[in-house]
Protein chains: 6
Amino acid sequence: MNRKALYPGTFDPVTYGHLDIMERASRIYDCVFIGVAHSKEKKPLFSVKERVSMLKNATRHLKNVEIEDFKGLVINHAKRKKTCVIIRGLRMISDFEFEFQMALTNRKLSEDIETIFMMTNDSYSYLSSKLIKEAVSLGADVKSFVPASVAKKLKIKLSK
Amino acid sequence: MNRKALYPGTFDPVTYGHLDIMERASRIYDCVFIGVAHSKEKKPLFSVKERVSMLKNATRHLKNVEIEDFKGLVINHAKRKKTCVIIRGLRMISDFEFEFQMALTNRKLSEDIETIFMMTNDSYSYLSSKLIKEAVSLGADVKSFVPASVAKKLKIKLSK
Amino acid sequence: MNRKALYPGTFDPVTYGHLDIMERASRIYDCVFIGVAHSKEKKPLFSVKERVSMLKNATRHLKNVEIEDFKGLVINHAKRKKTCVIIRGLRMISDFEFEFQMALTNRKLSEDIETIFMMTNDSYSYLSSKLIKEAVSLGADVKSFVPASVAKKLKIKLSK
Amino acid sequence: MNRKALYPGTFDPVTYGHLDIMERASRIYDCVFIGVAHSKEKKPLFSVKERVSMLKNATRHLKNVEIEDFKGLVINHAKRKKTCVIIRGLRMISDFEFEFQMALTNRKLSEDIETIFMMTNDSYSYLSSKLIKEAVSLGADVKSFVPASVAKKLKIKLSK
Amino acid sequence: MNRKALYPGTFDPVTYGHLDIMERASRIYDCVFIGVAHSKEKKPLFSVKERVSMLKNATRHLKNVEIEDFKGLVINHAKRKKTCVIIRGLRMISDFEFEFQMALTNRKLSEDIETIFMMTNDSYSYLSSKLIKEAVSLGADVKSFVPASVAKKLKIKLSK
Amino acid sequence: MNRKALYPGTFDPVTYGHLDIMERASRIYDCVFIGVAHSKEKKPLFSVKERVSMLKNATRHLKNVEIEDFKGLVINHAKRKKTCVIIRGLRMISDFEFEFQMALTNRKLSEDIETIFMMTNDSYSYLSSKLIKEAVSLGADVKSFVPASVAKKLKIKLSK
């Protein structure tokens, strides 16, 4: 049986909520691939290269985690990585319905690949990359939401 | 008593979820007007002409369904068509609250016109035109979500 | 085409929210049957006879409304009344999901019968028979939630 | 103990829902500061100056309400105004989750400042500035949603 | 202006979530009355006397908090205590809709009394007295959910 | 790394929704333990022995699934079975919040055990054991919701 899972996302930028899911996933799978979607249509603040690099930095302590960018459908990336499990983090608040919609669409596109949901820690359950970016652009210090090096990069980008 | 109903939408493009509602509505009303909103502010992928034409194609088997585009408020279009019922599809997932908000706003604007909600079939309950367009632009085959001719048109538009 | 609709419920007791739906339904259907479910398992406060009688009283101004009790499945009662539409009121708050679950179960049990949802007026959108009974038992005057004669009956029942 | 509260928002434009919250707040606080956020990223229809002026007009009957625009984080504006309470209106419908997310983010940024939620009147519970603007641009008369002078300004702006 | 607030509940038993709300409320009001509802219809595990005593114990560090039981409607108790503000805790999860329904019912019963909502700390946002009781009856140690003395009393009650 | 998972529940009785989750889980885990909770407080219709036997019958085609009843906390049963993953099915409709609450409570009780959520097939997303029992007691044929042998047992139990 396949012991690998794919955790896809835009990670613009990675938050402590994402990292919490990665740590939990790395404990129950042999290998966790982090797939960084290009997501051009979302007009990310950071380039895909920057997002991959921030993730690599933030996950150095996790031995069985691999970071890679991808284009196209999540299910096709899952097939390329030969994994039949896609992991999605569920925050208590918000994107539940969107996640379900996407998971059901993915299932219809490929019956072999199963989406499983994991819960973030309660103290990260309200974190969103979007809100964090907004907070930084209004002058907030977001060190309790993202790793210090990410907070620094956010400040530089958004004060330009 | 009036036996006509109006089913308004942007239909960019029509999905099997929309068609399911149209079929159900055509069984309980003498005449179902499909009102295709111009919706300029949503920047639709297909022109209103294209959307009307795809709908006409997809509803040829429904004798008591009429397709027409409209500008302005839904309730004014309902009045022009002399119908006092507006039909909205409720998917189990998502736009419930938005639908309610719009229906209550419409009611305040015209007390005579009643909004009724019908449920899509469970297998279409997660379909959304937006997600389908996203999937196509990432390379997905969406023939199980929209009629084949619509899938083809989506592919042409989005691979440009 | 069939011009009749069934509005089923326990109506223990009828509230202004229920009456609002009945009035709206009576405007868009030739005949609205109000089906009063026995609902023994819910242990209603009022007997089915009392509930029917309160409803008859409260709907005297609606010419095309008929009150009747029924046992067994809603869809079987709909078939007996030769109607293919079941009406359910959707309050902005609460039983949305339960309503959907029931409607989908009914659809599976009988594909011919369609459930449509109508919205109560915003000022009744939070009313619930359960909350009203609780309020009365704690001493509240509920004349703004139910017809005066029902309020009186509630007081007598609950102060025993 | 501090008797002042801050009610922040974009108010683009002020609706009867906002005014309802302001009236309720003015009854339970000595002084209610209305903070009008610049919100450039939301591309408001009205300039911050116009929004402040419409609010001043609409709240002339409330003696203990003060209107002022602000830039930057809400919690920093709260600190400048020496208030430790932020008021947010909760409509039955919609932005509940977003409000929670924002309140929790604010709490993390400043533990001293408490967000409290007040409920709008049920007849305003579905109002949204966004929907109102959309309705006006489609030709609706929105005098039952906003003060007459605001309705007029909306019409002028959106028919340009 | 009145500086008192009433925080009503059944508190069967008090949890760290309730205590968090009490501490927050005591910082923004001169006096916080904790109203312990008899709630016979809910068949509480602890007698009203026991619940009052556990609360007194748990709030000894809060100088401006007063515990008292009450019968009947919350709004009548609010009037007796001469407070025009009722506080309710909102957990991110769950009883949002029920709370709204109750608050709107209370508002209709007495327009003078305003319900405000405060948010529990994220680490308590999922706590429920019901789930805690269930967990204890299945053998769980619940010291991270309720004060130690309450945990002990729960164990005694539920292992009988 | 541990390849086993526990899928706990009351299964009163097992539905096609439950079976769908079991099949999906059996494809991504080496061994899936089905834990049948005694759940005395829920007053199940079927004895724990009957529920285990119906499950054994319905899962004969799944080689790596084991059925066993358990008393006490789910996390303790997970520890006894030496599994660090608890599986819960998420239906699009309903118990989302309750599931989250339970998962967070379990996490607090034992940090080592992770709860993951899997989605039922869309055609089972509205099934609930409770609704099925209600439908049978009102005379419905539920063969499309549960295996034929379970439907038969339900009919016998509920027509007594």
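The values are calculated or read from the model by the stated rules, or taken from the named source; none is laboratory data. Keep in mind that this is a model prediction, so the values were computed, not measured. Here the Cβ positions follow ideal geometry from the backbone for every residue, glycine too, while neighbour counts run over all protein chains shown. Keep in mind that these areas ignore ligands, DNA and RNA; they rest on the heavy atoms of the full protein, side chains included. Shrake-Rupley method; radii C 1.70, N 1.55, O 1.52, S 1.80 Å.
In segment E:17-31, the residues that are more than 11 Å from chain D (Cβ to nearest Cβ) form Cβ pairs under 7 Å with partners that are outside any loop (DSSP other than H, G, I, E, B) and among the hydrophobic types (A, V, I, L, M, F, W, C), at six or more places apart or across chains, as follows: E:L19/E:A58; E:M22/E:V32; E:M22/E:I34; E:M22/E:V65.
Residues in segment B:43-62 that are under 10 Å from B:V14 (Cα atoms) and in contact with a strand residue (DSSP E or B) (Cβ under 9 Å, 6 or more places away or on another chain): B:R51, B:V52, B:L55. Only residues that are of a type outside the set (D, E) and within 15 Å of A:T10 (Cα to Cα): list them for segment A:30-42, please. Hits for segment A:30-42 are A:F33, A:I34, A:G35, A:V36, A:A37, A:H38, A:S39, A:K40, A:K42. Looking only at segment D:87-103, decide whether some residue is in a helix (DSSP H, G or I), at pLDDT 90 or above, in contact with a Pro (Cβ under 9 Å, 6 or more places away or on another chain) and crowded, with 17+ Cβ neighbours inside 10 Å. Within segment D:87-103 (the criterion being in a helix (DSSP H, G or I), at pLDDT 90 or above, in contact with a Pro (Cβ under 9 Å, 6 or more places away or on another chain) and crowded, with 17+ Cβ neighbours inside 10 Å), the answer is no, since none of the residues qualifies. Taken as a whole, the structure leaves E:R107 outside the set of residues that are touching a Ser or Thr at 6+ places or on another chain (Cβ under 8 Å), within 14 Å of chain D (Cβ to nearest Cβ), among the basic types (K, R) and part of a strand (DSSP E or B). From the list B:V48, B:V52, the one residue that fits, being buried (at least 19 other Cβ atoms within 10 Å of the Cβ), more than 14 Å from chain D (Cβ to nearest Cβ), over 23 Å from D:S144 (Cβ atoms) and not polar (S, T, N, Q), is B:V48. Scanning segment A:111-143 for residues that are farther than 16 Å from A:D12 by Cβ, of a type outside the set (V, I, T) and either open to solvent by less than 10 Å² (accessible area, probe 1.4 Å) or in contact (Cβ under 8 Å) with a residue 60 or more places away in the chain (or both) gives A:E114, A:F117, A:M118, A:M119, A:N121, A:Y124, A:S125, A:Y126. For segment E:110-160, a tally of residues being more than 14 Å from chain D (Cβ to nearest Cβ) and part of a helix (DSSP H, G or I) returns 21. A residue that is surrounded by 15 or more Cβ atoms within 10 Å (Cβ to Cβ) and in contact with a helix residue (DSSP H, G or I) (Cβ under 8 Å, 6 or more places away or on another chain) cannot be found anywhere in segment C:23-31. Tallying residues that are assigned to a helix (DSSP H, G or I), under 24 Å from A:I116 (Cβ atoms) and under 14 Å from the mean Cα position of the chain (by Cα) within segment A:20-49 yields 7. Exactly one residue among A:L158, A:L154 is more than 30 Å from F:T120 (Cβ to Cβ), buried (at least 16 other Cβ atoms within 10 Å of the Cβ) and at pLDDT 80 or above, and that residue is A:L154.
Any idea how many residues of segment D:62-72 are open to solvent by less than 70 Å² (accessible area, probe 1.4 Å) and either closer than 19 Å to D:R51 by Cβ or without any contact (Cβ under 8 Å) to a residue 24 or more places away in the chain (or both)?
6
Working only within segment F:32-45, note down all residues that are open to solvent by 60 Å² or more (accessible area, probe 1.4 Å) and touching a His at 6+ places or on another chain (Cβ under 6 Å). Selection gives nothing.
Pairs please, first residue from segment B:76-89 and within 14 Å of chain C (Cβ to nearest Cβ), second anywhere and of a type in the set (S, T, Y) and crowded, with 20+ Cβ neighbours inside 10 Å, Cβ atoms under 7 Å, 6+ apart in sequence or on different chains. Close Cβ pairs (under 7 Å, with a partner that is of a type in the set (S, T, Y) and crowded, with 20+ Cβ neighbours inside 10 Å) amount to B:I86/B:T115; B:I87/B:Y7; B:R88/B:T115; B:G89/B:T120.
The set of residues in segment C:51-74 being assigned to a strand (DSSP E or B) and not acidic (D, E) consists of C:V65, C:I67, C:F70.
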